[in-house]
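To start, the structure under review is shown below, and the notes come after it.
A short reminder: the numbers here are calculations on the coordinates, not readings from a lab. From a predicted model like this one, the values you see are computed outputs, not experimental measurements. Note that we place each Cβ from the backbone using ideal geometry, even for glycine, and neighbour counts take in every protein chain shown.
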Amino acid sequence: MKGLMGTKRLPESTGLHLKPCPSIHTFFMKYSIDILYLNTNSEIVGIEESLEPGKIGKRFANVKSVIELPAGTINRTSLSIGQAVALKK
């Protein structure tokens, strides 16, 4: 098990990139998250906003990794399907 399970919150302006990871769940989490589903080129192929604790995320074709973000991030940004995402460590 990995990811954000058991954490209290995800700080603003941060995210967690999980690779390989074709899908996610929020079991054992205490807060909602936004999710970006990425293909091998780090292009967004799916978006899910405010996935609540105890839920299973949507399934999208060609997903190789996901980015978990604080809930509300997608609504506050211009992220959209087809965009490439640059990842910082």
(request) Examine segment 1-12 for a residue that is of a type in the set (A, V, I, L, M, F, W, C), closer than 16 Å to Ser65 by Cα and touching a residue at least 60 places away in the same chain (Cβ under 8 Å), and state whether such a residue exists. (result) yes
(request) Identify all residues within segment 1-48 that are of a type in the set (Phe, Trp, Tyr), under 23 Å from Ser78 (Cα atoms) and over 10 Å from the mean Cα position of the chain (by Cα); write none if there are none. (result) Tyr31
(message) Every residue in segment 48-82 that is under 18 Å from Leu10 (Cα atoms), aliphatic (A, V, I, L, M) and outside any helix (DSSP H, G or I), please.
(response) Leu51, Val66, Ile67, Leu69, Ala71
(request) Considering every residue within segment 44-58, establish whether at least one is in contact with a strand residue (DSSP E or B) (Cβ under 7 Å, 6 or more places away or on another chain) and on the phi > 0 side of the Ramachandran plot. (result) yes
(request) Assess whether Glu52 counts as being within 13 Å of the chain's Cα centre (by Cα), surrounded by 15 or more Cβ atoms within 10 Å (Cβ to Cβ) and of a type in the set (Asp, Glu). (result) no
(request) Considering every residue within segment 15-38, establish whether at least one is within 18 Å of Lys88 (Cα to Cα), touching a residue at least 12 places away in the same chain (Cβ under 8 Å), of a type outside the set (A, V, I, L, M, F, W, C) and loosely packed, with under 14 Cβ neighbours inside 10 Å. (result) yes
